[in-house]
1. Return a yes/no flag: does the stretch 45-57 have any residue that is crowded, with 20+ Cβ neighbours inside 10 Å, among the hydrophobic types (A, V, I, L, M, F, W, C) and within 17 Å of Pro120 (Cβ to Cβ).
2. When you go through Ala16, Ala40, Ala33, Ala83 one by one, which is the residue that is at pLDDT below 95, surrounded by 14 or more Cβ atoms within 10 Å (Cβ to Cβ), aliphatic (A, V, I, L, M) and under 17 Å from the mean Cα position of the chain (by Cα)?
3. So if I check each of Tyr153, Tyr178, which one is out of contact with any Ser or Thr (no Cβ under 8 Å at 6 or more places or on another chain) and at negative phi?
4. Can you tell me how many residues within the stretch 159-176 are touching a residue at least 12 places away in the same chain (Cβ under 8 Å) and not in a loop (DSSP other than H, G, I, E, B)?
5. Being assigned to a helix (DSSP H, G or I), closer than 22 Å to Ala90 by Cβ, out of contact with any Asp or Glu (no Cβ under 7 Å at 6 or more places or on another chain) and modelled with pLDDT of 95 or more narrows it down to one residue among Leu144, Leu137, Leu187; which is it?
6. Has the stretch 252-270 got at least one residue that is surrounded by fewer than 22 Cβ atoms within 10 Å (Cβ to Cβ), in contact with a Phe, Trp or Tyr (Cβ under 6 Å, 6 or more places away or on another chain) and among the small types (Gly, Ala, Ser)?
7. Tell me yes or no: at least one residue of the stretch 230-245 is assigned to a helix (DSSP H, G or I), at negative phi, surrounded by fewer than 18 Cβ atoms within 10 Å (Cβ to Cβ) and at pLDDT below 95.
8. Please tell me if Leu143 is touching a residue at least 40 places away in the same chain (Cβ under 8 Å) and surrounded by fewer than 17 Cβ atoms within 10 Å (Cβ to Cβ).
Amino acid sequence: MLKQRIITALFMLPVALAGFFWLQGGGFALFIAAVICVGAWEWARLAGCLAQVQRLGYAALVAGLLLLLYRLPQLAGPVLALAVLWWLAAIGLVLGYPSSSRLWRTPAVRMLIGLLILVPAWQGLLLLKQWPQGNSLIMAVMLLVWGADIGAYFSGKRFGRRKLAVAVSPGKSWEGFYGGLASSLLLTLLAGLYFDWAARDLLLALLGAALVVAISVVGDLTESMFKRQAAIKDSSNLLPGHGGVLDRIDSLTAAVPMFAVLLWLHGWGAL
């Protein structure tokens, strides 16, 4: 398993780096759309669509929506607003699971939720890429999420006692969450000191980082909740040793829209 993980990671890393940071404009939009559409194909299975024609049809629907948004950039604001509302609602669904499953157990509702998760993630990345220092912004949100994941893993393994959401993901603990949050806040603090941010900007950055990390955990737990309901371990086996695409981007699907909205509120870019 470890050998598989390493080989897959060595293949994925240069492809991901080239797609995120080298591609521009339509090429970048198409690259991210391809990732999101694969995620949609996987999500259809979580929604209860087991036939390949249904899963491909759902992926095609997502592709069509992304094309529409690419041609109508004025819809970016409403799309991200819907995403923020969805992720706030997802907190309650995760904390209320399994009782909350009665609200989304039908395939139609789960497919709608998939749209609220996947489409805004594409839209958020597209905006970040277009804003000033776009590549740096994308790297920043990734570092926040990756830093939180690494910190949560080690602190949870060492100190984990109190379960974060035992019905959804028994392995996650509050201690792991705090450790992940501390790791990301430390990265933010170091960035602020390095770039000599004003005190007010540094405080806002720390608050924003905390919100992004917290919502990224909700993204992770949300996918875990749907996988548990569907009685599957991984979203697919497309990435040997790593599961599926959704398993790799679940935290980012929540973090990216929140990150973009916070930057917009701070006046970084226009919607």
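The values are calculated or read from the model by the stated rules, or taken from the named source; none is laboratory data. Bear in mind that the values here come from a model prediction, so they are computed numbers and not experimental data. Note: ideal-geometry Cβ built from the backbone for every residue, glycine included; neighbour counts use all protein chains shown.
1. No: the stretch 45-57 contains no residue that is crowded, with 20+ Cβ neighbours inside 10 Å, among the hydrophobic types (A, V, I, L, M, F, W, C) and within 17 Å of Pro120 (Cβ to Cβ).
2. Ala16
3. Of the residues listed, the single one that is out of contact with any Ser or Thr (no Cβ under 8 Å at 6 or more places or on another chain) and at negative phi is Tyr153.
4. Of the residues in that region, 5 qualify.
5. Working: Leu137 fails: closer than 22 Å to Ala90 by Cβ; Leu187 fails: closer than 22 Å to Ala90 by Cβ.
Every option except Leu144 fails the conditions.
6. Among the residues of the stretch 252-270, at least one is surrounded by fewer than 22 Cβ atoms within 10 Å (Cβ to Cβ), in contact with a Phe, Trp or Tyr (Cβ under 6 Å, 6 or more places away or on another chain) and among the small types (Gly, Ala, Ser), which makes the answer yes.
7. yes
8. Yes, satisfied.
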